[in-house]
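The values are calculated or read from the model by the stated rules, or taken from the named source; none is laboratory data. As the structure is a prediction and not an experimental result, all values here were calculated from the model. Backbone-built Cβ (ideal geometry, glycine too); neighbour counts: all protein chains shown. Surface areas here come from the heavy atoms of the whole protein model, side chains and all, with no ligands, DNA or RNA. Shrake-Rupley method; radii C 1.70, N 1.55, O 1.52, S 1.80 Å.
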Amino acid sequence: MTTGVTAPRGFRAAGVRAGIKDDDLDLALLVADRTCAAAGVFTTSRTAAPPVAVAREHLASGQARAVVVNSGCANAATGPSGLADAGEMADLAAQVAGCTPGEVVVASTGVIGVRLPMDRVRSGIAQAGRELSPEGGADAARAIMTTDTKPKEASTEVSLGGVTCRVGGMAKGAGLIAPNMATMLAFFTTDATIDSPRLHRALVAAVGESLNRITVDGDTSTNDCAVILASGAAGAPPIEREGPDDEAFQAALTTVARRLAEMLVGDGEGVTRVAEVRVEGAGSGDEADRVARVVAESPLVKTALYGGDPNWGRILAATGRAGVPLDGNRVSIWIGDVWVAENGIAREYEEKDAAAALKEHPVRIRIRLGEGEATGWMWTSDLSHRYVDINAHYRT
């Protein structure tokens with residue numbers, strides 16, 4: 001079975017080399033055979049890019065037929081001209097897809113502050129239209145990459161009303177990863193039959209348990225979005241109410257989103273280690289998530305991960321500055337299965353065992369606050385010399 005956005009029935013895709021980047025695929029087009037129920041979530045950044053504004057406006061109808069994405073240029077901080085360029089991308093994709101511009105979702109990723117080379121974008125969209133195929137999902141996933149080292153695709157099957165349906169997805173992201181509400185660029189498809197409001201709720205829930213729980217560098221992009229289209233092409237009964245089918249669809253979408261999230265954090269810029277930070281015993285879920293995020297984004301924790309240094313003091317320090325009510329004398333910390341701190345002070349343990357736990361995949365950091373019963377978690381990565389090298393010369 002095809003993996004990714006063309007795994008569900010009713011979708012075709014293409015990825016082409018338009019010349020926006022030097023020498024790689026850089027423009028993706030996803031087209032449904034018919035108008036789909038659609039939903040999206042977007043960056044909370046107050047410097048959101050023009051493509052985000054266009055996509056938000058178009059998805060307000062709850063319907064879409066196509067998605068057009070370019071890499072190599074974020075079309076961010078480009079003012080009214082950038083907004084016009086994003087609108088033109090929708091116009092061009094609509095001509096190819098045979099729909100209205102309002103049924104096209106636009107997305108861009110790459111360097112901020114640079115205008116799109118629209119002559120290349122125009123020819124690229126036309127070429128992508130000619131190459132649309134049910135097998136084109138893999139090329140589309142490659143075309144949306146920037147500093148990613150590999151494409152990210154996932155899919156799964158789910159039985160809904162006795163009919164086998166599919167959920168597929170593709171995503172890109174390696175840096176500027178600390179999503180708020182959405183993440184990087186992520187696109188999902190399904191051939192299930194579900195209306196837009198229920199689809200939106202499912203997407204928000206799935207993103208909240210996957211893409212919104214990863215961080216590479218603590219930065220949120222100007223272009224983050226996660227979008228889903230539902231074609232209904234499997235012919236399953238509509239999901240119209242809470243119940244087994246609604247729950248099964250939610251589980252399937254969350255599964256695909258989590259697979260993509262794990263790929264994203266694992267392919268982060270310069271990443272050599274991935275870690276799960278799990279917090280338990282918090283007063284509320286929000287407080288648990290807050291502690292997990294602060295620890296996961298701590299530069300000192302991340303550099304200790306890179307060095308394989310079981311420096312639990314850095315974990316304790318980050319826990320204490322998270323802005324969450326807690327008593328440091330109740331905090332316990334584990335690295336893997338090694339219990340390194342109890343009630344805020346060191347326990348007796350073998351340093352070599354803690355160091356060995358930092359070689360596991362993923363590294364498991366567990367923090368018990370002793371304030372309640374709530375839990376939370378984040379996936380994070382180490383901070384390496386390579387990350388600095390990539391980002392010190394991103395434009396030059």
Point to revise | Matching residues, the stretch 1-39, being modelled with pLDDT of 95 or more and polar (S, T, N, Q) | key: THR6, THR35
Exercise for review: Among residues belonging to the stretch 98-118 that are part of a helix (DSSP H, G or I) and under 26 Å from the mean Cα position of the chain (by Cα), point out the one that is nearest to LEU30 (Cα to Cα).
Suggested key: GLU103
Review point. Only one of (1) in a helix (DSSP H, G or I); (2) of a type in the set (Val, Ile, Thr); (3) under 12 Å from LEU116 (Cα atoms) is not met by ILE20, so which one is it?
Key: (1)
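Where in the stretch 250-365 are there strands (runs of 3 or more DSSP E), lying wholly inside it, with at least 1 residues that are open to solvent by less than 50 Å² (accessible area, probe 1.4 Å) and in contact (Cβ under 8 Å) with a residue 40 or more places away in the chain? Step through it out loud before you land on a result.
Values: elements: 274-282, 332-335, 338-342.
Passing ranges, in order: 274-282.
Does ALA66 satisfy the condition of being small (Gly, Ala, Ser), in a loop (DSSP other than H, G, I, E, B) and crowded, with 24+ Cβ neighbours inside 10 Å?
Details: small (Gly, Ala, Ser): yes; in a loop (DSSP other than H, G, I, E, B): no; crowded, with 24+ Cβ neighbours inside 10 Å: yes.
When the stated conditions are applied, ALA66 does not pass them.
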Check your understanding: Out of curiosity, is ASP245 among the charged types (D, E, K, R) and farther than 24 Å from GLU157 by Cβ?
Key -> no
Study note, to complete from the structure: Within the stretch 24-45, restricting to residues that are outside any strand (DSSP E or B) and within 19 Å of the chain's Cα centre (by Cα), the one that is surrounded by the most Cβ atoms within 10 Å (Cβ to Cβ) is ASP26
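Counting only residues that are over 30 Å from VAL274 (Cα atoms), touching a residue at least 12 places away in the same chain (Cβ under 8 Å) and assigned to a helix (DSSP H, G or I), how many does the stretch 235-248 have? Spell out the reasoning first.
Step one: list which residues in the stretch 235-248 are over 30 Å from VAL274 (Cα atoms), which gives 235-246.
Imposing the further condition that a residue be touching a residue at least 12 places away in the same chain (Cβ under 8 Å) reduces the set to 235-240, 245-246.
Filter once more, so that each one left must be assigned to a helix (DSSP H, G or I): 245-246.
Looking only at that region, the number is 2.
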**Study point:** Residue within the stretch 119-133 that is closer than 22 Å to GLY169 by Cβ, within 25 Å of the chain's Cα centre (by Cα), hydrophobic (A, V, I, L, M, F, W, C) and open to solvent by 10 Å² or more (accessible area, probe 1.4 Å) present
**Key:** yes
Point to revise | Inter-residue pairs, beta-carbon under 8 Å, first open to solvent by 10 Å² or more (accessible area, probe 1.4 Å) and in the stretch 7-20, second at pLDDT below 95 and among the aliphatic types (A, V, I, L, M), 6+ apart | key: none
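Would you pick out the residues in the stretch 191-234 that are assigned to a strand (DSSP E or B) and either modelled with pLDDT under 95 or under 19 Å from ILE144 (Cβ atoms) (or both)? Before the answer, list the steps.
Looking only at the stretch 191-234, we keep the residues that are assigned to a strand (DSSP E or B), and these are 194, 214, 225-230.
Hits for the stretch 191-234 are ILE214, CYS225, ALA226, VAL227, ILE228, LEU229.
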Review point. Does ASP148 satisfy the criteria of being in contact with a Gly (Cβ under 8 Å, 6 or more places away or on another chain) and in a loop (DSSP other than H, G, I, E, B)?
Key: yes
Study note, to complete from the structure: Those residues of the stretch 200-235 that are within 16 Å of THR156 (Cα to Cα), among the hydrophobic types (A, V, I, L, M, F, W, C) and out of contact with any Asp or Glu (no Cβ under 6 Å at 6 or more places or on another chain) come to a total of 6
